[in-house]
1. Treating only the Cβ atoms of Lys and Arg (+1) and Asp and Glu (-1) as charged, compute the dipole magnitude of segment 66-108 about its Cα centre; round to the nearest 20 debye.
2. At a 1.4 Å probe radius, carbon and sulfur cover how many percent of the accessible area of segment 19-155?
3. In whole Hz and in residue order, list the ³J(HN,Hα) couplings for segment 90-101 that follow from phi through the Karplus curve 6.51 cos²θ - 1.76 cosθ + 1.60, θ = phi - 60°; x for Gly and Pro.
4. Which order do the peptides 115-125, 66-76, 85-95 take when ranked by the mean count of other beta-carbon atoms within 10 Å per residue, highest first?
5. Please list, in chain and number order, the residues 5+ apart from Asp101 or on another chain whose amide H is under 5 Å from its amide H, with Hs placed from the backbone.
6. Run lengths n ≥ 4 of DSSP H only: what is the helix-derived mean residue ellipticity at 222 nm for the chain, with -39500 (n - 2.57) per run over all residues, to the nearest 500?
7. Rg and Dmax in Å for the chain, alpha carbons only: what are they?
8. Would you work out which of Ser73, Asn5, Thr125 lies farthest towards the positive end of the dipole of the chain, given +1 charges on the beta-carbon of Lys and Arg and -1 on that of Asp and Glu, about the Cα centre?
Amino acid sequence: MARPNLELIEALRQTARNLKKGAHYQWGHMGGCNCGNLAQELTKLSKDQIHRYAMQRYGDWNEQVDDYCPTSSMPIDLVINEMISAGLMLEDLKHLEKLDDRAVLLRLPVEQRHLKHNVRDDVVTYMTTWADMLEEKLLEKIKLPEEMLRMELVA
């Protein structure tokens, strides 16, 4: 699972907001799909740039991730490097493209757990839920000084 951090959480939330407001979404387009939209937010590259970089090699995001090489100078590997630097794991990208991370899905009501990987609203739901989960994990790591905890109890 991704390393919880503010940059990644905000990127997931902003990507979900962008999609909700009508940002270009096309599941078969490497820069406009689930991973492509998040890549746009994390790298500040356009959907067309991301797509062009990905087309220098074959395959969808799953295949791109399988062929990823951290020391390559392939443009798509540089995009993936930036995404990993933001806290993502390679498996997160595969799960995002298919909307199938079990930990994220289990946070949804039973009747909403069957997300379709190529439906904009389902992508928004998945990213928002994932951001909430990462935020909770990040907050669990923050330890308040004892004095602040005592002040909370007195108030």
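1. Numbers: 4 positive and 9 negative charges, 46 e Å.
Roughly 220 debye, rounded to the nearest 20.
2. On the way: 4250 of 7810 Å².
Taking all protein chains in place, segment 19-155 shows 54 percent carbon and sulfur surface.
3. 4, 5, 4, 5, 5, 5, 4, 5, 9, 6, 10, 6
4. On the way: 115-125: 16.4, 66-76: 13.4, 85-95: 18.4.
Ranked from most to least packed, the peptides come out as 85-95, 115-125, 66-76.
5. none
6. Details: 9 runs with 94 residues, N = 155.
Mean residue ellipticity, 222 nm, calculated: -18000 deg cm²/dmol.
7. Using the Cα atoms of the chain, the pair Rg, Dmax is 17.1, 62 Å.
8. Thr125
The values are calculated or read from the model by the stated rules, or taken from the named source; none is laboratory data. The model shown is predicted, which means the values in this text are computed figures rather than measured ones. A quick note on method: Cβ atoms are made from the backbone with ideal geometry, for glycine too, and the neighbour counts reach across all protein chains shown. Just the protein is used for accessible areas: all its heavy atoms, side chains included, with ligands, DNA and RNA removed. Shrake-Rupley method; radii C 1.70, N 1.55, O 1.52, S 1.80 Å.
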